[in-house]
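Worksheet for the structure shown next.
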Ligand code: B12
């Protein structure tokens, strides 16, 4: 897989759409679409991010690569599943962060697994808290890729406690993967390490809510 990831990264950087499609098709023969996203697209983007951090790759290349990946992911993961489960009220948001792809993937995976949830898009702390309370959410999924955005989850949790609402917070994204205790420090109820993990997490929380 490592070699495929490198080929995928090279194809992204040279904007070689044909090669990208061919690599995805090849991987789709042995893996499900979500696994292709998680094992090919996400690691290639991570490599590109690291390249940018080391000064080898321009931000414009990071941007173009992510735009292409957004389109590929849109094609691969259905936004809707015909079957909907009986479930708690939930929503997903990207909190004060312009990195939207993780949110998009988790939203798509949950919906294609039969869960219904709202996509709040990109929000700030105050709008998010008000919306979540107005919508009577039971579970709020928050995606952040910037450390300072991840730290703002603490304020969301603080406001929920102050307003005495019990909304479970599930977080995910790079800062929580770099620092394994961060999700607890910001007062989240759970951490989702990948989009596919979100399905099991929601099922567990649903069990806790109904017991
Ligand atoms: C693509 C990218 C961009 C694109 C984003 C385009 C878009 N529409 O999303 C652009 C070019 C716009 C961008 C801009 C910037 N970026 Co940027 N970017 C990245 C990069 C390379 C990849 C991120 C990505 O999309 N990954 C693919 C997605 C699918 O992965 P993911 O989000 O982790 O999601 C997976 C899991 O984490 C999980 N998940 C995610 N969220 C959730 C939520 C829940 C509830 C659950 C269950 C699971 C879950 O599921 C997903 C699928 O499995 C990362 C590098 C990295 N290592 O992450 C840097 C990175 C995140 N960026 C970074 C920075 C610094 C910036 C900029 C400040 C750069 C600048 N100087 O302008 C800006 C700021 C933008 C802002 N204000 O928000 C830093 C953040 C560092 C930090 N500690 O805060 C990183 C880590 C790069 C680095 N190594 O330094 N970026």
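The values are calculated or read from the model by the stated rules, or taken from the named source; none is laboratory data. Treat the numbers as computed from the prediction; the structure is a model and nothing was measured. Counting neighbours? That spans all protein chains shown, and the Cβs are built from the backbone with ideal geometry, glycine included.
Residue 41 satisfies every condition listed in (1) under 23 Å from the mean Cα position of the chain (by Cα); (2) over 19 Å from residue 101 (Cα atoms) except (2).
You will find that of 153, 129, the residue that is away from the ligand (no atom under 11 Å from the Cβ), crowded, with 21+ Cβ neighbours inside 10 Å and touching a residue at least 24 places away in the same chain (Cβ under 8 Å) is 129 and no other. Every listed requirement among (1) modelled with pLDDT under 85; (2) within 15 Å of the chain's Cα centre (by Cα); (3) surrounded by fewer than 20 Cβ atoms within 10 Å (Cβ to Cβ); (4) not assigned by TED's automatic domain parsing to the domain that holds residue 177 is met by residue 53 save one, (2).
Would region 186-193 turn up any residue that is away from the ligand (no atom under 12 Å from the Cβ), modelled with pLDDT of 95 or more, in contact with a strand residue (DSSP E or B) (Cβ under 6 Å, 6 or more places away or on another chain) and outside the structural domain of residue 65 (by TED's automatic domain parsing)? Step through it out loud before you land on a result.
So the first thing to find is which residues in region 186-193 are away from the ligand (no atom under 12 Å from the Cβ), and the list is 186-187.
So of that shortlist, the ones also modelled with pLDDT of 95 or more come out as 186-187.
If we keep only those that are in contact with a strand residue (DSSP E or B) (Cβ under 6 Å, 6 or more places away or on another chain) too, we end up with none.
No, region 186-193 has no match at all.
For the criterion of being in contact with a strand residue (DSSP E or B) (Cβ under 8 Å, 6 or more places away or on another chain) and within 14 Å of the ligand (Cβ to nearest atom), residue 174 fails.
Helices (runs of 4 or more DSSP H) fully within region 1-100 that include at least 3 residues being out of contact with any strand residue (DSSP E or B) (no Cβ under 6 Å at 6 or more places or on another chain) and free of Cβ contacts under 8 Å to residues at least 12 places away in the same chain: 2-13, 17-28, 42-53, 59-76.
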